[in-house]
Amino acid sequence: MPAVQFAVFGHPISHSLSPRIHHAFAQQFGIELEYRAIDAAPTQFDAAVRRFFDAGGAGANVTLPHKAAAFALGDERSLAASRAGTANVLTRLADGRLAAHNTDGDGMLRDLTERHRVDLRGRHALLLGAGGAAHGVAWHLLDAGVQMLTIVNRSPEAAHALVHAMGEPARARTRNWDELADLGGHDLIVNATSAGVLGVALQLPFTLLGSGAVCYDLSYGNAASGFLGWARAAGARYACDGLGMLVETAADAFALWHGRRPDTEPVYRWLRQQAA
Ligand code: ATR
């Protein structure tokens, strides 16, 4: 019997760790699968996804810049995907329709609360950015018990729209980027901007860190190094990149497709060693 087919779509995609992660998970259960990286330019994305599923593909991960397009392709959409307006998992249903889901928020929470043992209940959190990545995690921070979530975006309109969509004015608010120096300290600062990916350094005041603050970048590798360097210099208790989140989001997709949740810790350690 041919191996069941899975893929990750992105542009570019050659750097993707997803094939390695999914093959490592599959090994834990002795599952035979084919998981490949498919590079699709934005104009080719819909057709490439259709071709993949028409040819028997069972599930796909989707990364930048296609997460909004993946959401649009979903015939069914999970609550997490609908809140975010983006999807990073597409699954073929028995009748051939596609289900869109977003595992980013759950993956971040699992990494923060289980791997790094950060208790978010009653905390003050600052979310930098209001684009696709920020939409994927904002609701989850409130779900985890954050007492006050302040969202700051370079263009204030996007932060206002996100806070409005969240509909919890007593627990989520916006402030302008030029007010950062006056905001005081936070327990958690999440960088959801794409500045690091674009190679731009954010200019952030050290006063944003409360005592024992945790700083978390949703990206990893070089893209996270600027923000994490700032966080360490500012005295953060933890400065974490999003590698753990990536592994947890992959595990959620794997569990959805195979009905079993893999042990993420050895895979996380292996990738961390390789990155060192
Ligand atoms: P992603 O899917 O990675 O979130 P996106 O939806 O394009 O990508 O969102 C990028 C986010 O990074 C936005 O919040 C953007 O701010 P604007 O809405 O003002 O564009 C933010 N961003 C990108 N470069 C930035 C920079 N140099 N300084 C501050 N914010 C930046």
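For region 219-262, state which trypsin sites (Lys or Arg not before Pro) are in a DSSP loop and have at most 16 other beta carbons lying within 10 Å of their beta carbon.
Answer by residue number: ARG237, ARG260.
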Discussion item. Let me check the size of the chain from its C-alpha atoms; what are the radius of gyration and Dmax in Å?
Written reply: 18.6, 62
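Accessible area per residue for region 29-72 in Å², computed with a 1.4 Å probe and the full protein assembly in place, what is it?
About 50 Å² of surface per residue is accessible.
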Practice prompt. Just the ratio, please: alpha-carbon radius of gyration of region 135-276 over 2.2 N^0.38 Å, N its number of residues.
Written response: 1.12
Worksheet item: Considering only PRO205, LEU243, HIS164, whose Cα is most displaced toward the positive end of the charge dipole of region 136-253, charges sitting on Cβ of Lys, Arg (+1) and Asp, Glu (-1)?
Response: PRO205
Worksheet item: Which distance in Å, rounded to a whole number, links the C-alpha centroids of region 127-182 and region 220-276?
Response: 23 Å
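What percentage of the solvent-accessible surface of the chain, computed with a 1.4 Å probe over protein heavy atoms, is contributed by carbon and sulfur atoms?
Numbers: 6450 of 12650 Å².
With neighbouring chains kept in place, the figure for the chain is 51 percent.
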Practice prompt. Keeping all protein chains in place, calculate the accessible area per residue for region 105-241 (probe 1.4 angstrom), answer in Å².
Written response: 45 Å²
Response to the item:
Answer in debye to the nearest 20: the dipole magnitude of region 86-160 about its Cα centre, from +1 Lys/Arg and -1 Asp/Glu charges placed on Cβ, is 100 debye
Discussion item. At 222 nm, what value in deg cm²/dmol follows for the chain if DSSP H runs of at least 4 each add -39500 (n - 2.57) and the sum is divided by all its residues, to the nearest 500?
Written reply: -11000 deg cm²/dmol
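The values are calculated or read from the model by the stated rules, or taken from the named source; none is laboratory data. In this text, all values refer to a predicted model and were calculated from it rather than measured experimentally. Note that each Cβ is placed from the backbone with ideal geometry, even for glycine, and that neighbours are counted across all protein chains shown. Note: areas computed on protein heavy atoms with side chains; ligands, DNA, RNA excluded. Shrake-Rupley method; radii C 1.70, N 1.55, O 1.52, S 1.80 Å.
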